[in-house]
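Trainee: Got a structure for you, written out below as structure tokens; questions coming shortly.
Here, each number is a calculation from the coordinates, and none is a lab measurement. Source: prediction; values computed, not measured. Quick reminder, even Gly has a Cβ in these numbers, built from the backbone with ideal geometry, and neighbours come from all protein chains shown.
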């Protein structure tokens, strides 16, 4: 689907969708339980993949709107009747890979073209080190994967700078093994707040994780059981970042974003980044409300080692700001649904931005940029699509984004929300 956006001012109230990261973890945690209800869940292409995986392992997921009633597989997954298709969801693939290692038989995991190009080698090696079986059918660490081995727990060493989802996967599976799992990090942990999210969700499900000098440890023979049998998903700051950015660059009369209650989400850093850039932004944490309005922005340097999903949003803000915006420590952002560093460099350049791309740094020269409408491509990546949509609000002329349907991965109603804020949107 091509989506065309005309330059538009934004104003009014909007609500961010529930957190995709929390929803993935909560649905799988409910799968590990005997039964649990997940309320305020994000229902998107990615989270539906995790729901399907829970059902493939012998659970059931009955959904009524944003409520998912899960009958779990109670700690030990059954061997699926068929291949598990994770579609485009890397989170599903990583979390489900460790779950599959608990099974008595073998599970085959695959996904779309993009997912089959993403690295899983360190997680496969870790499962192998736990006496499980974990193989890439092509021998390159990429899906399709064959996983099993009835893992009972143990000690594992794994790099922390490829994907924090590997750590999450092992912690979630380790809690139901006989011996638990001790994780030794071989390198600095990138995207650490996402592991914080995991620890928070597991705690809410009654599972304890310990932080050690070497990394993490989770005791075995634990039971997943949320208080009252229910878990409530918080709002998503990754998705919220596009609404806040829209307000900061085009909100002459201000935008109010609801659902912003504090949590372990690292992407709440978008608020402080906007403040550093000079945005008129105010966060009422108790009410979970953020007000933001357009003001002149100035370029800053941002380290995205812990907040990789914010890179596209920051790059767009940098194209509007005065001076240079340097996004550093971003190599790992190249291994998402697409190479987001290159994608933002190329697509913003089409819109007239001056951009310098280096291996671990993306610099947007806002002072040398006048954004113009252009035909751009979302690269089959929801975050690229939404960031380019924000840039379109202040570009001269109409911007047409190819692949607009990919917002369904994390923010299915994104373009409807923009229209509600006054944006002219044409879908074709």
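Trainee: Given R₀ = 25 Å, FRET efficiency for residue 416-residue 232 by Cβ-Cβ distance, to 0.05?
Mentor: The calculated FRET efficiency here is 0.60.
Trainee: To continue, here is another question. Could you give the nm distance between label points at residue 322 and residue 357, where each point is 7 Å from its Cα heading toward the beta carbon?
Mentor: 3.0 nm
Trainee: How would you order 278-288, 406-416 from highest to lowest mean count of nearby Cβ atoms within 10 Å? All intermediate terms of the calculation are to be shown ahead of the outcome.
Mentor: Details: 278-288: 15.7, 406-416: 20.5.
The most tightly packed comes first, giving 406-416, 278-288.
Trainee: Now a separate question. Sorted by packing (mean other beta-carbon atoms within 10 Å per residue), highest first, where do 92-98, 137-143 land? Could you put the intermediate results ahead of the total?
Mentor: Working: 92-98: 28.0, 137-143: 14.7.
Going from most to least packed, we get 92-98, 137-143.
Trainee: Please list 390-399, 164-173 highest first by mean number of surrounding beta-carbon atoms within 10 Å per residue. Working shown, then result.
Mentor: Numbers: 390-399: 22.2, 164-173: 26.6.
Ranked from most to least packed, the peptides come out as 164-173, 390-399.
Trainee: For the chain, what's the relative contact order in percent, using C-alpha pairs closer than 8 Å and at least 6 residues apart? List each step's numbers first, then the result.
Mentor: On the way: 1125 pairs, mean separation 81.5, N = 428.
Once divided by the residue count of the chain, the mean separation gives 19 percent.
Trainee: Divide by every residue of the chain the summed helix terms, -39500 (n - 2.57) for each DSSP H run of at least 4, and state the resulting mean residue ellipticity at 222 nm, rounded to the nearest 500 deg cm²/dmol.
Mentor: Values: 12 runs with 130 residues, N = 428.
Result for the chain, helices only: -9000 deg cm²/dmol.
Trainee: Quick check on the exposure proxy: order 243, 5, 202 from fewest to most C-beta atoms within 10 angstrom. Mind showing how you got there, number by number?
Mentor: Working: 243 30, 5 25, 202 22.
Ascending number of Cβ neighbours within 10 Å: 202, 5, 243.
Trainee: Which one, (i) 71, 44, 44; (ii) 77, 47, 40; (iii) 59, 43, 42, gives Cα extents along the principal axes in Å as derived from the coordinates shown?
Mentor: So the structure-derived entry is (iii).
Trainee: Please work out the C-alpha center-to-center distance from segment 208-263 to segment 129-207 and express it in whole Å.
Mentor: Result: 20 Å between the Cα centres.
Trainee: Then there's this: Could you state the number of Å between the C-alpha centres of segment 314-333 and segment 339-369?
Mentor: About 8 Å separates the Cα centre of segment 339-369 from the one of segment 314-333.
Trainee: Take every DSSP beta bridge whose two residues both sit in the chain, then give the antiparallel share in percent to the nearest 5.
Mentor: Details: 49 of 71 bridges.
Bridges in the chain that DSSP calls antiparallel: roughly 70 percent.
Trainee: Fewest to most neighbouring Cβ within 10 Å: what's the order for 83, 364?
Mentor: So the ranking, lowest neighbour count to highest, is 83, 364.
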